[in-house]
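A quick write-up on the structure given underneath.
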Amino acid sequence: VMMFHHDLYGGRIPHRESENELHRILWAPICDEFGIDLVLLGHSHYYTVSNVMYNNKTVAPLTNGATVKDPNGTIYMVSGSLNRPRNDEDPTLGENVGIEYLTQDKIYNLIDFNEKSLTVKSYAIESDTCFGSI
């Protein structure tokens, strides 16, 4: 598991896509080389989970509640925002996103892991509604 701030694959904010592309060039090859399964991200404030990505391409589509065993690539997850959800006009969705929720809800994530598995569940703070699980 790796964590850093900038979104790589969400693509929700068009004027930031050149910045995201630069981060993909820098970070995605490192994730590929070291076999990183999950990258936790922020910056765009939209809850998005990428497909399984390798060499900047989707190698396995991802859906809500999907189980991926020994992914041959990396899943990139933007957790949303606790204090400042965005409401940009005409946001676009990156083509490599498997799961997304455009919501003003404040979201938190629970990560559970052991030697054999890793599970992430995402919830809305006000309602404890489960948005998704990977």
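The values are calculated or read from the model by the stated rules, or taken from the named source; none is laboratory data. All values derive from a computational prediction rather than experimental measurement. So basically every Cβ, Gly included, is an ideal-geometry build from the backbone, and we count neighbours across all protein chains shown. These area figures cover heavy atoms from the full protein model, side chains too; ligands, DNA and RNA do not enter into them. Shrake-Rupley method; radii C 1.70, N 1.55, O 1.52, S 1.80 Å.
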(message) Quick test of your reading of the structure: Asn87 fulfils all but one of (1) open to solvent by 10 Å² or more (accessible area, probe 1.4 Å); (2) at pLDDT 75 or above; (3) not in a strand (DSSP E or B). Name the failing condition by number.
(response) (2)
(request) Report, by residue number, each residue of the stretch 1-31 that is open to solvent by less than 30 Å² (accessible area, probe 1.4 Å), touching a strand residue (DSSP E or B) at 6+ places or on another chain (Cβ under 9 Å) and not aromatic (Phe, Trp, Tyr). (result) Asp7, Leu8, Gly10, Gly11, Arg12, Ala28, Cys31
(request) Could you give me the residue pairs with C-beta distances under 8 Å whose first residue belongs to the stretch 62-77 and is within 11 Å of Val52 (Cα to Cα), whose second residue is of a type in the set (D, E, K, R) and open to solvent by less than 20 Å² (accessible area, probe 1.4 Å) wherever it lies, and which are 6+ apart or on separate chains? (result) Tyr76/Asp7
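I'd like to check which strands (runs of 3 or more DSSP E) are fully inside the stretch 5-66 and have at least 3 residues that are closer than 22 Å to Asp105 by Cβ and at pLDDT below 90. So that I can check it myself, show each step before the final result.
On the way: elements: 38-41, 47-50, 52-54, 57-60.
Because the criterion is at least 3 residues that are closer than 22 Å to Asp105 by Cβ and at pLDDT below 90, the strands (runs of 3 or more DSSP E) in the stretch 5-66 that meet it are 47-50.
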(message) Can you tell me which residue is farthest from the chain's Cα centre (by Cα) among those in the stretch 109-124 that are surrounded by 12 or more Cβ atoms within 10 Å (Cβ to Cβ) and either among the polar types (S, T, N, Q) or in a loop (DSSP other than H, G, I, E, B) (or both)?
(response) Thr119
